[in-house]
Amino acid sequence: MSKATPVIAPRGLEGVVAAATAVGAVADGNLQYRGYSIDQLAPHASYEEVAHLLLMGALPNAAALTAFKTELAGHRALSPFLLGILENMSPRGTAMDVLRTVVSASAAEDEDEGDNSHAANLRKAVRLTAKMPTILAAYIRRRAGERPVSPDPALGHAANFAQMAFGDKAHPRAAEVLNTCFILQAEHGLNASTFAARITAATLADMHAAVTAGLAALKGPLHGGATDGTMRMLDEIGSVAAVPTFVDKSFASKYKFPGFGHRVYINVDPRAKYLRRFAGELAAMTAKGTPYFAIQEALVADVNSRRHFPVNVDYYAATTYTYLGIPSDLGTSIFAIGRIAGWCAHITEQHDDNRLIRPESEYTGPTGRVWTPVAGR
Ligand SMILES: CC(C)(COP(=O)(O)OP(=O)(O)OC[C@H]1O[C@@H](n2cnc3c(N)ncnc32)[C@H](O)[C@@H]1OP(=O)(O)O)[C@@H](O)C(=O)NCCC(=O)NCCS
């Protein structure tokens, strides 16, 4: 076995190609899922079609789509074991904590547990994709003091989630808008959570372990946590008039504006235009409350007049969800509901052609220190 010469990678692995993938391609201004631009998919597709594309490698024909939808719908329900875990979690747990914990626990009852074959991984992927919205909806209802609503197999993925989570109170556009949001967030190359999932899968840990790692990474404010961070920032600003002062203060303190900036997209995040359109349309239908969309538009103009940062997927997703009536701390968990298909596609790809991902580190600490018994320290 020959030893490769160590190379010191740039901080944050910027510019390093760390995996080969046929799942998705991300370049400045351009995002493709298995060769289809998101501009082909977002305006036309259902989330189920896109999940099929990511997992199976091709868009389904009519019969395959019906079969895939039926399979997904058949796996939506949560067992008493999983509902019990959810019920017993502290009410202080965030939606991401609950998703991560219940997904992790679901490994214990998965009938393919211990099997990392391609076929078993696709079966697990379908079960996880089907169950994640049910877990989140049950969490939403529980904290509102309401009983969980059973999934409805007659409804599509997004419409069923909206009904399970919000029932009659769901916004009339919730199903259509969430369907597109789920598609836009379904896959994004070697982003931090997908990388975390692939690193975990590369130890030959199972899909549930790898998705749990992905969920853990997504929570952070530099990744999916920026969706919830955007709403906290807009609430702090509170009005269009307050934007310039907020921007002055933020640049002075080197504050990172949630929803701005991206490692790969230097000029434009191709997902943002769809979400901006939704946020604007929904804002126009909303008469009362903080003028979030107007604050956002003023903030983008002000920040970019000083330094160019493209807004990323999280920025207008945050207000889109809020205008749909979704509580402002749930945006990151909605993101996870979309991303599950991409994570599972990457984990399957990793298991299918695996090599342990194990870089080295550059030691920067002291050396040659001498042991002193505790009484002498
Ligand atoms: C996404 C993100 C983590 C990418 O980070 P990165 O590629 O490591 O870029 P850096 O953090 O090194 O930023 C490069 C420069 O731009 C600045 N910058 C980047 N994003 C910024 C933001 N959102 N607000 C203010 N400044 C930002 C950095 O301060 C740094 O400035 P400097 O050159 O003067 O030191 C970063 O843009 C960010 O923190 N954004 C906010 C969180 C967010 O929206 N995350 C979701 C991403 S989809």
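The values are calculated or read from the model by the stated rules, or taken from the named source; none is laboratory data. As the structure is a computational prediction, the values presented were derived from the model and not from experiment. Please note: Cβ atoms are built from the backbone with ideal geometry, for glycine as well, and neighbour counts cover all protein chains shown.
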Report task. Residues being in a helix (DSSP H, G or I), crowded, with 20+ Cβ neighbours inside 10 Å and within 16 Å of the ligand (Cβ to nearest atom): count how many of those fall in the stretch 267-281. Result -> 5
Query raised in the report: Out of the stretch 232-261, which residues are touching a residue at least 12 places away in the same chain (Cβ under 8 Å), near the ligand (Cβ under 10 Å from one of its atoms) and assigned to a loop (DSSP other than H, G, I, E, B)?
Result: Lys256, Phe257, Pro258, Gly259, Gly261
Query raised in the report: In the set Asp206, Asp152, Asp168, which member is at pLDDT below 95, among the acidic types (Asp, Glu) and either within 19 Å of the chain's Cα centre (by Cα) or away from the ligand (no atom under 16 Å from the Cβ) (or both)?
Result: Asp168
Query - Exclusive hit being touching a residue at least 12 places away in the same chain (Cβ under 8 Å), touching a Ser or Thr at 6+ places or on another chain (Cβ under 6 Å) and among the hydrophobic types (A, V, I, L, M, F, W, C), set Ala73, Ala95, Ala107, Ala77 - result: Ala95
**Report entry** Flag if Pro151 is under 21 Å from Glu48 (Cα atoms) and not in a helix (DSSP H, G or I)
**Finding:** yes
Report summary line: Conditions (1) over 19 Å from Arg173 (Cα atoms); (2) hydrophobic (A, V, I, L, M, F, W, C); (3) away from the ligand (no atom under 12 Å from the Cβ) -> Val264 fails only (3)
Query - Single residue of Ile85, Ile8 found to be buried (at least 18 other Cβ atoms within 10 Å of the Cβ) and hydrophobic (A, V, I, L, M, F, W, C) - result: Ile85
Report summary line: With the first residue restricted to the stretch 210-231 and required to be within 8 Å of the ligand (Cβ to nearest atom), and the second required to be part of a loop (DSSP other than H, G, I, E, B), Cβ contacts under 6 Å at 6 or more apart or on different chains are Gly225/Lys219; Ala226/Pro258; Ala226/Gly259; Gly229/Pro221; Gly229/Pro258; Thr230/Pro258; Thr230/Gly259
Query raised in the report: Quick check: is even one residue across the stretch 41-51 under 30 Å from Ala175 (Cβ atoms), within 16 Å of the ligand (Cβ to nearest atom) and at pLDDT 95 or above?
Result: no
Query raised in the report: Restricting attention to the stretch 213-250, and to residues there that are of a type in the set (Ser, Thr, Tyr) and surrounded by fewer than 24 Cβ atoms within 10 Å (Cβ to Cβ), which single residue is farthest from Ser328 (Cα to Cα)?
Result: Thr245
Requested in this report: Output the helices (runs of 4 or more DSSP H) that fall wholly within the stretch 282-357 and possess 2 or more residues being touching a residue at least 12 places away in the same chain (Cβ under 8 Å), within 19 Å of His223 (Cβ to Cβ) and more than 16 Å from the ligand (Cβ to nearest atom), or say none.
Outcome: 331-352
Requested in this report: Just one of (1) without any contact (Cβ under 8 Å) to a residue 24 or more places away in the chain; (2) part of a loop (DSSP other than H, G, I, E, B); (3) at negative phi trips up Ala162, so point out which.
Outcome: (2)
Query raised in the report: Pick from Ala27, Ala19, Ala9, Ala45: which is in the same structural domain as Pro153 (by TED's automatic domain parsing) and of a type outside the set (Ser, Thr, Tyr)?
Result: Ala45
